[in-house]
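Please treat every number below as a calculation from the coordinates, not as lab data. Everything numeric in this text was worked out from a predicted model, so none of it was measured. Here the Cβ positions follow ideal geometry from the backbone for every residue, glycine too, while neighbour counts run over all protein chains shown.
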Amino acid sequence: MTMENNVTVSTESNEQILKVDYYQGTEAQMVDLALIFEYLPLGSKVTASCDSLLHGKQMFMEIDKTTAINFKYTWPNKEIPADWKTTFTITLNPGSDRTGIPPGKELQVMLRGEIVVS
């Protein structure tokens, strides 16, 4: 089972701040939470964090200079309680190098929760 929120972003402007919601649902699960970026210009700066602590800890990531246009950042094996919800704040400073990005393609950001099957 996968839960996914998708956002299309214009890379025409400088810093952009996205808010993406996550809701676990009525059952606790072991989940891999992933941010997936497609068509992000090379040299971009990315930060992300959630506004609700998970077991007393905040999930946070930062990349100062991206080296791929498509990549995935994962917080693996998170035991998420029933009804847990949060909003991820993602800050993007798009780089200027669009090498490898097909004409007309816009940046896609996805937040995906994938249930871990053992």
- Item | Whole-number percent relative contact order across the range 2-115, with pairs defined as alpha carbons under 8 Å at least 6 apart | 49
- Using the 2.2 N^0.38 Å rule of thumb for compact globular proteins, work out how the range 2-115 stacks up: its C-alpha Rg over that value, please. 1.09
- Note on the structure: Residues meeting the amide H criterion for K78 (H placed from the backbone, H to H distance under 5 Å, 5 or more places apart or on another chain) are V31, D32, L33
- Note on the structure: Taking the dipole of the range 2-115 about the Cα centre (Lys, Arg +1; Asp, Glu -1; charges at Cβ), the one of L33, V20, P103 that reaches farthest to the positive side is P103
- Message: Which aspartates and glutamates, if any, have their Cα less than 18 Å from the Cα of K78, not counting same-chain residues under 8 positions apart?
- Response: E4, D21, E27, D32, D51, E114
- To the nearest 20 debye, the chain has a Cα-centred charge dipole, built from +1 on Lys and Arg Cβ and -1 on Asp and Glu Cβ, of 180
- Mind giving me the FRET efficiency for L18 and L53? R0 is 22 Å, r the Cβ-Cβ distance, nearest 0.05 is fine. 0.60
- Note on the structure: Taking placed amide H atoms and a strict 5 Å upper bound, the residues 5 or more places from L107 or on another chain that come that close are V9, T11
- Query: Sorting S118, S49 on the 10 Å Cβ count, fewest up front, what's the list?
  - Reply: S118, S49
